[in-house]
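Since the structure comes first, as structure tokens, the remarks are kept for the end.
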Amino acid sequence: MDKLDYILSFIFLFELLIKVVVYGFAFNGPDSYMKNSWNVMDFIIVFFSMVSIAFADIDLGPIKILRVLRVLRPLRMISRNPGMKIAIQSLINAIPDIGNVMVVSLLFILLFSILGTNFYKGKFYYCHADNIPEPYASSITNKYDCFDYGGDWMNQD
């Protein structure tokens with residue numbers, strides 16, 4: 001797997017270098033390599049792959065984190081498929097609307113949690129006392145009655 005990782009990383013680096021030579025890196029007009037957001041993503045993926053390969057022998061925590069960014073490699077294929085590119089851009093454009101729906105959903109969850117708290121508050125407590133006679137034990141309905149008979153007001157497990 002390590003050899004395959006090196007091979008793929010160098011193939012992607014070779015592709016990046018060819019595109020930079022053809023289009024220019026950043027300041028060669030509107031068709032420059034870094035002017036396209038998909039190419040910027042490709043550059044970031046290749047850059048972090050090369051950094052993780054360069055520091056593979058060194059045992060540093062932050063460098064190991066960079067290896068996680070290799071998971072983004074399949075996103076490179078999206079830039080070559082126009083239908084997938086449209087689908088991903090639509091998902092990205094829908095994020096604000098998804099956020100609005102999430103806020104409304106969280107408000108409903110908050111309302112139901114407040115309702116549940118008010119409905120069940122104190123219902124799971126019981127009076128634990130060994131010395132209360134049976135006729136009086138059924139008349140204990142709250143915390144203060146329990147304390148009056150010398151019991152402990154405890155929550156269920």
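The values are calculated or read from the model by the stated rules, or taken from the named source; none is laboratory data. Note that the coordinates shown come from a computational prediction; the quantities given were computed from them, not determined experimentally. In this analysis, Cβ positions are derived from the backbone assuming ideal geometry, glycine residues included, and neighbour counts consider all displayed protein chains.
Each row is one residue, and each column tells you yes or no for (1) part of a loop (DSSP other than H, G, I, E, B); (2) touching a residue at least 24 places away in the same chain (Cβ under 8 Å).
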residue	(1), (2)
4	no, no
12	no, yes
16	no, yes
22	no, no
31	yes, no
42	no, yes
46	no, yes
52	no, no
57	yes, no
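Checking the conditions here, which among 80, 67 is within 23 Å of residue 92 (Cβ to Cβ) and either in contact with a His (Cβ under 7 Å, 6 or more places away or on another chain) or modelled with pLDDT under 80 (or both)?
After applying the criteria, what remains is 80.
When segment 137-146 is examined, which residues are found to be within 48 Å of the chain's Cα centre (by Cα) and farther than 14 Å from residue 123 by Cβ?
Listed by number, the residues that qualify are 144, 146.
Contact list please: Cβ distance under 8 Å, first residue in segment 126-152 and at negative phi, second residue modelled with pLDDT of 80 or more and part of a helix (DSSP H, G or I), pairs at least six apart or on different chains.
Partner pairs satisfying both residue conditions: 127/145; 127/146; 129/146; 139/145; 140/146; 152/146.
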